[in-house]
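**Student:** Starting off with a structure, shown below.
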Ligand code: DAT
Ligand code: MG
């Protein structure tokens with residue numbers, strides 16, 4: 001096992017319900033360290049660029065609108081197998097399928113408004129971290 005970094009986003013449905021601290025507690029309880037964090041509001045264009053891998057999916061327009069609809073908290077999480085571990089703590093994309101105790105089971109409102117994003121592989125984690133953060137902003 002190796003120490004990894006992954007990109008996490010606390011989405012607008014969660015920031016609007018004041019859940020940032022509760023979600024961060026889930027990461028920290030799982031042994032993930034928040035080594036960079038900032039609250040920003042994305043434009044629809046920036047959301048579209050971030051999610052361009054989904055450009056052909058039927059929900060792409062809705063996803064970009066939602067991600068630009070309010071503040072998000074973007075963060076870098078660090079820890080042993082952080083990419084996989086974060087996906088476990090997040091739970092399944094659709095909260096109806098998410099295991100008990102996961103962030104999405106507890107907090108997500110729907111498959112579209114599902115409270116958190118997490119990178120899915122080492123390559124995407126590196127790309128997504130660089131999308132939001134410079135090296136100077138990440139302090140492990
Ligand atoms: P994940 O966020 O678990 O990595 P994904 O990469 O398949 O899931 O999809 C990215 C986001 O797109 C997801 O968090 C919410 C939205 N999405 C996915 N499937 C959807 C659907 N069937 N309807 C509406 N939004 C969807
Ligand atoms: Mg994904």
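The values are calculated or read from the model by the stated rules, or taken from the named source; none is laboratory data. Values in this document were obtained by computation on a predicted structure and should not be read as measured data. Please note: Cβ atoms are built from the backbone with ideal geometry, for glycine as well, and neighbour counts cover all protein chains shown.
**Student:** Would you tally the residues in the range 15-31 being more than 21 Å from residue 83 (Cα to Cα) and either touching a strand residue (DSSP E or B) at 6+ places or on another chain (Cβ under 9 Å) or without any contact (Cβ under 8 Å) to a residue 60 or more places away in the chain (or both)?
**Tutor:** Here is the first cut: in the range 15-31, the ones more than 21 Å from residue 83 (Cα to Cα) are 15-19.
After this cut, where a residue has to be either touching a strand residue (DSSP E or B) at 6+ places or on another chain (Cβ under 9 Å) or without any contact (Cβ under 8 Å) to a residue 60 or more places away in the chain (or both) as well, the list is 15-16, 18-19.
Number of matching residues: 4.
**Student:** Another question, if that's okay. Please find, among 91, 61, the residue that is touching a helix residue (DSSP H, G or I) at 6+ places or on another chain (Cβ under 6 Å), modelled with pLDDT of 95 or more, closer than 19 Å to residue 109 by Cα and within 11 Å of ligand 1 (Cβ to nearest atom). Please lay out each step first, then the result.
**Tutor:** On the way: 61 fails: touching a helix residue (DSSP H, G or I) at 6+ places or on another chain (Cβ under 6 Å).
From the options 91, 61, the qualifying one is 91.
**Student:** Does the range 81-104 hold any residues that are within 15 Å of the chain's Cα centre (by Cα) and either more than 18 Å from residue 11 (Cα to Cα) or assigned to a helix (DSSP H, G or I) (or both), and which are they? So that I can check it myself, show each step before the final result.
**Tutor:** Initial filter on the range 81-104 (within 15 Å of the chain's Cα centre (by Cα)): 82-95, 102-104.
Selection gives 82, 83, 84, 85, 86, 87, 88, 89, 90, 95, 103, 104.
**Student:** Please enumerate the residues belonging to the range 32-48 that are touching a residue at least 24 places away in the same chain (Cβ under 8 Å) and either farther than 22 Å from residue 89 by Cβ or loosely packed, with under 14 Cβ neighbours inside 10 Å (or both).
**Tutor:** 38, 39, 40, 41, 42, 43, 44
**Student:** Is there any pair with a first residue in the range 71-97 that is without any contact (Cβ under 8 Å) to a residue 40 or more places away in the chain and within 21 Å of residue 36 (Cβ to Cβ) and a second that is part of a strand (DSSP E or B) and within 12 Å of ligand 1 (Cβ to nearest atom) whose Cβ atoms are under 6 Å apart and which are 6 or more apart or on different chains, and what are they?
**Tutor:** 87/118; 90/116; 90/118
**Student:** Only residues that are part of a loop (DSSP other than H, G, I, E, B) and more than 14 Å from ligand 2 (Cβ to nearest atom): list them for the range 45-75, please.
**Tutor:** Matches in the range 45-75: 56, 58, 68, 69, 70, 71.
**Student:** Condition first: touching a helix residue (DSSP H, G or I) at 6+ places or on another chain (Cβ under 6 Å) and assigned to a loop (DSSP other than H, G, I, E, B). Now tell me which residues in the range 2-31 satisfy that.
**Tutor:** Within the range 2-31, 19, 30 meet the criteria.
**Student:** If I ask for residues that are within 15 Å of ligand 2 (Cβ to nearest atom) and assigned to a helix (DSSP H, G or I), which ones from the range 105-125 would you list?
**Tutor:** Those that are within 15 Å of ligand 2 (Cβ to nearest atom) and assigned to a helix (DSSP H, G or I): 122, 123, 124, 125.
**Student:** Here's something else I'd like to know. In the range 105-115, how many residues are near ligand 1 (Cβ under 8 Å from one of its atoms) and surrounded by 20 or more Cβ atoms within 10 Å (Cβ to Cβ)?
**Tutor:** Residues in the range 105-115 being near ligand 1 (Cβ under 8 Å from one of its atoms) and surrounded by 20 or more Cβ atoms within 10 Å (Cβ to Cβ): 1 in total.
**Student:** Cβ-Cβ below 7 Å, separation at least six or inter-chain, first residue in the range 114-125 and under 19 Å from residue 15 (Cβ atoms), second within 8 Å of ligand 1 (Cβ to nearest atom) and modelled with pLDDT under 95: which pairs?
**Tutor:** none
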